[in-house]
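Asker: Below you will find the structure I want to go over with you.
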Amino acid sequence: MLLREQVELLDKLILEADRRLKVDKTSSDRRICLSKRAHGYQYYELDKAGQRVYIPAEHKQMVRESLQMEYDEKVKKVLLETRSHINRFLKHYDSDAVENVYNKLCEGRKAFVTPIIPTDEDYVREWKKTHIGQQNSYPMATSYLTEQGEQVRSKSEKILADLFLKHQIPYLYEPQLKLKNGSSIYPDFAVLNLQTRKTIYWEHFGLISDGEYASKALHKLQAYEENGLEIGRDILFTSESSQAPLDIRTVEKKIKAYLL
């Protein structure tokens with residue numbers, strides 16, 4: 001969930017603010033004020049009586065440290081408040097609340113109701129109509145049967161397909177993707193993140209140590225980017241060579257990070 005990721009980011013920023021505030025504790029006792037002049041600003045320190053004492057140029061480092069600490073204290077306060085607001089919201093937030101209004105209906109009522117948000121099953125059904133698999137007509141030199149029942153070209157592609165199925169990720173093998181220049185390419189997989197309803201293309205490069213193969217793989221990735229598909233956002237890929245086989249742990253990390 002994006003809000004939980006925001007909380008994690010806030011936690012990191014709070015730690016950084018704490019680290020900064022520990023650098024120069026003496027600066028917290030200084031009160032700095034300034035006045036604008038024609039050619040810049042003049043800086044003053046307020047003494048205990050509240051009188052302004054001019055700070056000469058050779059003491060500008062003291063100004064820097066004091067104003068930095070003042071900023072860090074203010075930003076830490078805002079970070080803590082923001083994190084508190086989000087945590088209070090998350091405590092009461094149910095991401096499935098809207099969908100559950102429909103899900104809790106009996107079958108007799110569901111038959112006459114169109115949900116405002118399509119159910120996962122309905123969405124996947126429509127998604128498969130617009131993302132049709134097995135469109136690559138290039139002959140298969142070898143084939144492997146996946147748990148879902150389609151033929152794929154390599155053992156590693158079978159492993160990937162079976163991992164998608166294991167994690168209940170809708171996928172299609174070798175759909176057609178039309179490019180801006182009118183040509184088509186065939187990603188190894190189209191996969192669907194059901195939480196975000198986002199389609200991601202997954203490529204597996206199985207002969208990355210082969211120079212010609214690697215060049216074609218690079219060209220394919222460039223074609224994606226030239227068509228507005230960003231690696232790490234719209235495109236995921238795995239690779240292997242004779243010395244470095246497919247790493248299942250890396251695959252599952254990507255699945256959990258991008259698809260669940």
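The values are calculated or read from the model by the stated rules, or taken from the named source; none is laboratory data. Computed from a prediction, not measured in an experiment: that's the story for all the values here. Virtual Cβ from ideal backbone geometry, glycine too; neighbours counted across all protein chains shown. In case anyone asks, the SASA skips ligands and DNA or RNA and just uses the protein heavy atoms, side chains included. Shrake-Rupley method; radii C 1.70, N 1.55, O 1.52, S 1.80 Å.
Asker: Check whether at least one residue in segment 53-67 is part of a helix (DSSP H, G or I), among the β-branched types (V, I, T) and either under 29 Å from L10 (Cβ atoms) or without any contact (Cβ under 8 Å) to a residue 40 or more places away in the chain (or both), and report yes or no.
Answerer: So far as segment 53-67 goes, yes, one or more of its residues are part of a helix (DSSP H, G or I), among the β-branched types (V, I, T) and either under 29 Å from L10 (Cβ atoms) or without any contact (Cβ under 8 Å) to a residue 40 or more places away in the chain (or both).
Asker: Follow-up. Consider segment 170-196. How many of its residues are open to solvent by less than 60 Å² (accessible area, probe 1.4 Å) and of a type in the set (D, E, K, R)?
Answerer: Residues meeting the conditions: 2.
Asker: Still on this structure, please answer the following. So which residues in segment 87-128 are part of a loop (DSSP other than H, G, I, E, B), among the β-branched types (V, I, T) and open to solvent by less than 70 Å² (accessible area, probe 1.4 Å)?
Answerer: Across segment 87-128, the qualifying residues are V113, I117, T119.
Asker: Are any of the residues in segment 205-221 touching a helix residue (DSSP H, G or I) at 6+ places or on another chain (Cβ under 6 Å), outside any helix (DSSP H, G or I), under 19 Å from S156 (Cα atoms) and modelled with pLDDT of 90 or more?
Answerer: yes
Asker: Still on this structure, I have one more. Taking segment 144-155 as the region of interest, how many residues are open to solvent by less than 70 Å² (accessible area, probe 1.4 Å), at pLDDT below 95 and either farther than 16 Å from F205 by Cα or part of a helix (DSSP H, G or I) (or both)?
Answerer: Of the residues in that region, 2 qualify.
Asker: Is there a residue being open to solvent by less than 30 Å² (accessible area, probe 1.4 Å), at pLDDT below 95 and not hydroxyl-bearing (S, T, Y) anywhere in segment 224-233?
Answerer: No, there is no match, as no residue in segment 224-233 is open to solvent by less than 30 Å² (accessible area, probe 1.4 Å), at pLDDT below 95 and not hydroxyl-bearing (S, T, Y).
Asker: Whether any residue in segment 32-48 is modelled with pLDDT under 90, more than 22 Å from the chain's Cα centre (by Cα), in a loop (DSSP other than H, G, I, E, B) and on the phi > 0 side of the Ramachandran plot is what I want to check.
Answerer: The answer is no, given that none of the residues of segment 32-48 is modelled with pLDDT under 90, more than 22 Å from the chain's Cα centre (by Cα), in a loop (DSSP other than H, G, I, E, B) and on the phi > 0 side of the Ramachandran plot.
Asker: Something else about it: Among the residues of segment 176-198, are any in a loop (DSSP other than H, G, I, E, B), at negative phi and in contact with a His (Cβ under 8 Å, 6 or more places away or on another chain)?
Answerer: yes
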